Amino acid sequence: MSNQVKKPVGIMETVLRDAHQSLIATRMPTEIMLPIIDKMDKVGYHAVECWGGATFDASLRFLKEDPWERLRKLRDGFKNTDLQMLFRGQNILGYRPYADDVVYKFVEKSIANGIDVIRIFDCLNDIRNLQAAVDATNEIKKLEGRGKSQVALSYTLGDAYTLEYWAKMAKQIEEMGADSICIKDMAGLLVPYKAAELVKALKESTKLPIQLHTHYTSGVASMTYLKAVEAGVDVIDCAISPFALGTSQPATEVMVETFRGTEYDTGYDQAILSEIADYFRPYREECIESGLMSTKVLGVNIKTLLYQVPGGMLSNMVSQLKEQHAEDKYNDVLEEIPRVRKDCGEPPLVTPSSQIVGTQAVFNVLMGERYKMATGEFKDLLRGKYGQTVKPMNEEVINKVIPGEERFTSRSAEATGHTEPELAGIEEEMKEWKQQEEDVLSYALFPQVATEFFKYRQAQQEQVDVNKADVKNGAYPV
Ligand SMILES: [Mn+2]
C-alpha cells in the first residue's frame, strides 16, 4: 500500500436534470428514469441531481406529469443516494420573487418529498436573495434531521469578478449558514488554469466543501475538472456518457477513469456505469432520430467563450429572431448582449437575467435604436427589483428607459412588495384543484401551466379519453 493520502472526488450525476435539460429541452419522462434508478443507486454517487425549475415546468407543461409524483418515485428507488435539486433563490423555481412563506413551504415540501440537497442561486449573486431559502433549509434540517443547503456562485466574467470578489462571496455564504458551495458555471466559461486559481482562492477563504458545475460547450470542461480537482475541489457534476458532452456536462465514466489509481480515485465500479450507459444509449438514439436531440449541440462551440452566453439563452435568441424573420441579425445580437449586460450592471447571465438581457439585446438590434423599447423585465432590473448588481448601471440608459422613476435597493422580495405572507391567498385562488398540499406550490410557481395540468389530471381521473380532449385549447370533456 502506498502512503498516499486518499481524497476521493465525489461525482454528482446530472442525467436526470441538467443533462437532459441541456440536450433534449428537459423532456425525459419519469418512465425512462425509473427502470435504471436501482442500478444508479449502487454506484455510490455523491448525489444525483433530479429536480429544478425546468424539470418542474416541463413536467407540468409538456409531459403532463406531476413533478412531485416524479420526485416521490425517485425517492422510493434511491435508497442510498442523496437527491439534489436546483433552486432560484427567492424566485424558487419560477420567474418572480415570492414572499418568504412560499419559499419556506417549498423547501419544506421538497425535502418531505425526497430532496436531500438544495442548490440555491441568485441571478445577480445578491446574497440577500438567498438567505430565506438557506434559513428555511436549516430550520427543516433541525426539525426533520434531513436537508442541506448548497449556495451557488453564479460564475461569470467581467471587471468586477475578481478572485477577491468570489472569495469574499464564499466567506459570506459560509457565514449565512450554508452547508456547501457550488461554482455554477452555467455557460461553460471556466477554463482549466482559471479553475485551479479560483478553487484555490475559495479554499483559502472557506472551510465549506466546494462543488464544481460546468458545461462542455466550449470543449474544455473535462480539463477544467482535472485542474479543479488537483486544486482541491470536492465534487464535480458529470453526466453518464450518452447524455454527456456538447452543451451538457463532462462524461461520468471519463472522469472516473481519469482519477483511477490516484489519490482522487472515486472508487466507482466502471461495470455498473457501463450498464447505466447501455441503458440510456438507445434512448439517446431515439432522441436524435426524433430530432429532440440536435447534433448541433453536441459539438464544440468555442464562441461561447467569446460571447459568454449560456446555451439555453442562445436557443431562445435564435427562436426570437426566427419569429421576426431576422435570422441575419444573429451576429449583431451576439455583439449587443455584452453591451446590454454592461449597461445593467454586468450581471451573470443565468435565469432570469439571461433571458432579460438577451431579449433586450434582440429589441435593441431589431428596433435599429438602442432602448427605443424596453421589456417590463428589463425596466424592473434597472429599477433594482431583482436586487443589487455588482457594478453600477449606466445612468444614461436609466434616464432613457425609466426617467424619474423610483429605484429600489432592498432584496428582491421587498423591492417587489412581496413582504406579507401570500400562500393563503394563492391557495384560495386555486382551491378547486387542490388534491395535495403540493398543488398549491405548483400553482404558485406556474399558475396557468399548473391549472392546465390540473384540468388534465381531473379529466384522466374521471376516465375521459384524453386523446379526444382538446389539449391545445385546454378543453377537456368531463
Ligand atoms: Mn447547468
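Read the figures in this text as sums done on the coordinates, not as results from a lab. Note that this is a predicted model, so its numbers are computed, not measured. In this analysis, Cβ positions are derived from the backbone assuming ideal geometry, glycine residues included, and neighbour counts consider all displayed protein chains.
Candidates 230, 204, 275, 257: the one that is away from the ligand (no atom under 15 Å from the Cβ), surrounded by fewer than 24 Cβ atoms within 10 Å (Cβ to Cβ), under 19 Å from residue 170 (Cα atoms) and more than 25 Å from the chain's Cα centre (by Cα) is 204. Sub-7 Å Cβ pairs linking a first residue in the range 251-271 that is free of Cβ contacts under 8 Å to residues at least 40 places away in the same chain and over 16 Å from residue 223 (Cβ atoms) to a second residue that is among the β-branched types (Val, Ile, Thr) and surrounded by 14 or more Cβ atoms within 10 Å (Cβ to Cβ), at least 6 apart or interchain, are 270/256, ordered by first then second residue. Note on the range 286-390: enclosed helices (runs of 4 or more DSSP H) holding 3 or more residues that are surrounded by 13 or more Cβ atoms within 10 Å (Cβ to Cβ) and in contact with a Gly (Cβ under 9 Å, 6 or more places away or on another chain) are 311-323, 330-343.
If we keep just the residues of the range 150-193 that are of a type in the set (Val, Ile, Thr) and within 21 Å of residue 134 (Cβ to Cβ), which is nearest to the ligand (Cβ to nearest atom)? Reasoning before the result, please.
Residues of the range 150-193 of a type in the set (Val, Ile, Thr): 151, 156, 162, 173, 181, 183, 191.
Those still in the list that are within 21 Å of residue 134 (Cβ to Cβ) too: 151, 173, 181, 183.
On the way: 151: 15, 173: 19, 181: 16, 183: 11 Å.
Per the criteria, the residue is 183.
Condition check: within 15 Å of the ligand (Cβ to nearest atom) and β-branched (Val, Ile, Thr). Does residue 26 satisfy that?
Details: within 15 Å of the ligand (Cβ to nearest atom): yes; β-branched (Val, Ile, Thr): yes.
Taking the combined requirement at face value, the residue satisfies it.
Could you check the range 233-246 and list, in sequence order, the residues that are closer than 22 Å to residue 301 by Cα and within 16 Å of the ligand (Cβ to nearest atom)? Scanning the range 233-246 gives 236, 237, 238, 239, 240, 243, 244, 245, 246.
Scanning the range 38-55 for residues that are more than 15 Å from the ligand (Cβ to nearest atom), assigned to a helix (DSSP H, G or I) and surrounded by 22 or more Cβ atoms within 10 Å (Cβ to Cβ) gives a single hit, 40.
Applying the set (1) crowded, with 24+ Cβ neighbours inside 10 Å; (2) of a type outside the set (Lys, Arg); (3) on the phi > 0 side of the Ramachandran plot to residue 244 leaves exactly one unmet item: (3). Once the range 291-319 is narrowed to residues that are of a type in the set (Gly, Ala, Ser) and more than 17 Å from residue 353 (Cα to Cα), the residue that is farthest from the ligand (Cβ to nearest atom) is 291. Each residue in the range 1-23 was checked for being more than 16 Å from the ligand (Cβ to nearest atom) and closer than 24 Å to residue 186 by Cα, and 2 of them qualify. Aliphatic (A, V, I, L, M), surrounded by fewer than 23 Cβ atoms within 10 Å (Cβ to Cβ) and either out of contact with any Cys (no Cβ under 6 Å at 6 or more places or on another chain) or under 29 Å from residue 188 (Cβ atoms) (or both): does that describe residue 112? So residue 112 fits the description; yes. For the range 212-227, taking the residues that are within 18 Å of residue 268 (Cα to Cα) and within 16 Å of the ligand (Cβ to nearest atom), the one that is surrounded by the most Cβ atoms within 10 Å (Cβ to Cβ) is identified as 225. In this structure, residue 65 does satisfy being of a type outside the set (A, V, I, L, M, F, W, C), in a loop (DSSP other than H, G, I, E, B) and on the phi < 0 side of the Ramachandran plot. If you check residue 196 against the conditions, is it within 16 Å of the ligand (Cβ to nearest atom), among the small types (Gly, Ala, Ser) and in contact with a helix residue (DSSP H, G or I) (Cβ under 7 Å, 6 or more places away or on another chain)? Criteria not met by residue 196.
Remark: residue 73 falls outside the filter, which requires a residue to be of a type in the set (Lys, Arg), more than 16 Å from the ligand (Cβ to nearest atom), assigned to a loop (DSSP other than H, G, I, E, B) and out of contact with any Gly (no Cβ under 6 Å at 6 or more places or on another chain). Could you tell me which residue of the range 428-448 is nearest to the chain's Cα centre (by Cα), considering only residues that are closer than 15 Å to residue 69 by Cβ and polar (S, T, N, Q)? The residue in question is 442.
Within the range 142-169, being more than 15 Å from residue 124 (Cα to Cα) and crowded, with 23+ Cβ neighbours inside 10 Å holds for 147, 149, 150.
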